[in-house]
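One structure is given below, encoded as structure tokens.
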Amino acid sequence: MHLAERGYFLIALTGLLAIIGIWSDDASLQWSWCWPALLLCLGLALEAWLAPRIRLHAELTFEQRLLLGRSTSAVFRLRNDYARAVTIQYARVLPAAMVGDQTVVKIRVPAGAVVSQRWLVRPARLGPGTFSPLPARLLGRLGFAWWSDRVALQTPFSVAPDALSGSRERLRGDARGEAALAAPGHGSELFQLRAYRPGDPFARIDWKASARARELISREMSADRNLAIVLVIDAGRMSRMAAGQLDRLGLAANIAARFAEQAVRIDDRVGLIAYSDRVLARCAPDRGRLAVRRIRDALERLVTDGAESQPTVAAQALAQTLRSRSLIVWLADFDDPANTAALHAAVAPLLRRHVVICAAVDSESMQALVTRPARNWRDPYIALAAGAELERIGRQAAALRGAGALVVRASEQDLESAVLRAYRERRRLRQI
């Protein structure tokens, strides 16, 4: 309970009349302070009796599906079933998975009416969640005090990774150029049978067709340019670290979801592996919208695991999943020193057969610590520590490059574009 303006006015009036009664010679004024004090006490007692009878019903609806990192508008409705108008103050308390307006709002809800207000929120973490009851207080019937209450708001929600419609970077060019092409000696699908030509490999000769035609017949295969791609996400303890407006798991999930949407447009097969000290999610490479739906559903259920990441777990899952040469896009974390040797040991065996792109956030805040002017005695030591950390990350990236991996480092805003450029370049050069 907190006094309102009228309550403070009666307290001030009580004190003023008490002072007047003490200093006045008029005996009738000595006890005049009792009347406002009695009025305040009786009013508070009446309000305390009436306050529990007031019940407000709240509802929160979102105008569109919640996508990670994308602001959306919600409609907050309050319904008053009480026989009189109610004035309420409530705090817009958001769950940990969201950020946005968290101010205290005061509104008046007429009797039997519904009042709606817009609430701008931005999801910051993946997965399901719910709103907790909002702390509130009701103005008493006589306006003497605010009475503490809670507005029940059990609104479940689920945050999905962002969709391609909001992506800044898209594949350019004509996707028809990525279709299968007839080329002898390559691919796995039969394009046509034709007469043998000098220089054709003997393995391409169709002996049954040759026996029927009484001449050598060669099989001409179509060049299969459809790639198998696996997106690997580190969902261990360090993935909770901030990366711009999201955490690193959220940033990786958005990149993976949009990357999958773009890759299936040119008929590439896309899969997913998320790991910490075990495999948390796995989707085998597949084509089309079904593959994208499976990946998005897996990402929507993905949350940061408290265990330390073990890249060798993901490497073993990749070895079991991939049967032919494929592209692996590993959204890694270079900031964890414990992962330095483990990531290299996990990636090196994969490079014998596959193409690996290791993508990581290049922290701008770390760069800023190195170049920040010194203002006190700690700043030079902080700059030296940040410089040593950047050197360690650089050595790790160089070791991965030396093993044959393509290392992509960029800021949170540019990482998705950098990964897509590397993917397009490898595809254009037919290095996969």
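Just so you know, all these numbers are worked out from the coordinates, no wet-lab data involved. Keep in mind the model is a prediction, meaning the values are calculated, not measured. Methodologically, a virtual Cβ is constructed for each residue, glycine included, from the backbone with ideal geometry; neighbour enumeration extends over all protein chains shown.
Values as computed for the structure displayed
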{"item": "Label point distance in nm, LEU193-ARG353, each placed 7 Å from Cα along Cα→Cβ", "result": "3.3 nm"}
{"item": "Structure-based [θ]222 nm, the chain - -39500 (n - 2.57) summed over DSSP H runs of at least 4, per residue, nearest 500", "result": "-10500 deg cm²/dmol"}
{"item": "Sites matching chymotrypsin sites (Phe, Trp or Tyr not before Pro) across segment 1-35 that sit in DSSP coil, with at most 14 neighbouring C-beta atoms within 10 Å", "result": "TRP31"}
{"item": "P(r) histogram, all alpha-carbon pairs of the chain included - 10 Å bins from 0, percent", "result": "4, 16, 19, 16, 13, 11, 8, 5, 3, 2, 1, 1, 0, 0"}
{"item": "Rounded to whole Hz, the Karplus (6.51, -1.76, 1.60) HN-Hα couplings of segment 208-219, x for glycine and proline", "result": "5, 5, 5, 5, 5, 8, 6, 7, 6, 10, 9, 8"}
{"item": "Backbone HN-Hα couplings from phi across segment 326-333 [Karplus 6.51/-1.76/1.60, Hz, Gly and Pro as x]", "result": "9, 9, 10, 9, 9, 7, 9, 10"}
{"item": "Euclidean distance of C-alpha centroids, segment 245-267 and segment 14-57, integer Å", "result": "65 Å"}
{"item": "Nearest 10 degrees, 0 to 90: helix 415-428 Cα axis against the chain principal axis", "result": "10 degrees"}
{"item": "Highest-fluctuation residue, SER132, SER116, SER32 considered, GNM on the chain with Cα pairs under 10 Å", "result": "SER32"}
{"item": "Rounded to 10°, Cα long-axis angle of helix 5-23 versus longest principal axis of the chain", "result": "30 degrees"}
{"item": "Distance between modelled label sites at ARG395 and ASP81, nm, 7 Å Cα→Cβ extension", "result": "6.8 nm"}
{"item": "GluC sites (Glu not before Pro) restricted to segment 45-123 and DSSP loop, no more than 16 other C-beta within 10 Å", "result": "GLU63"}
{"item": "Segment VAL93-TYR381, extension gain: residue separation times 0.36 nm, minus the distance between their alpha carbons", "result": "99.7 nm"}
{"item": "In sequence order, calculated HN-Hα J values of segment 261-277 (Karplus, 6.51, -1.76, 1.60; Hz; x Gly/Pro)", "result": "4, 6, 5, 6, 5, 10, 6, 7, 9, 10, x, 8, 9, 10, 8, 10, 8"}
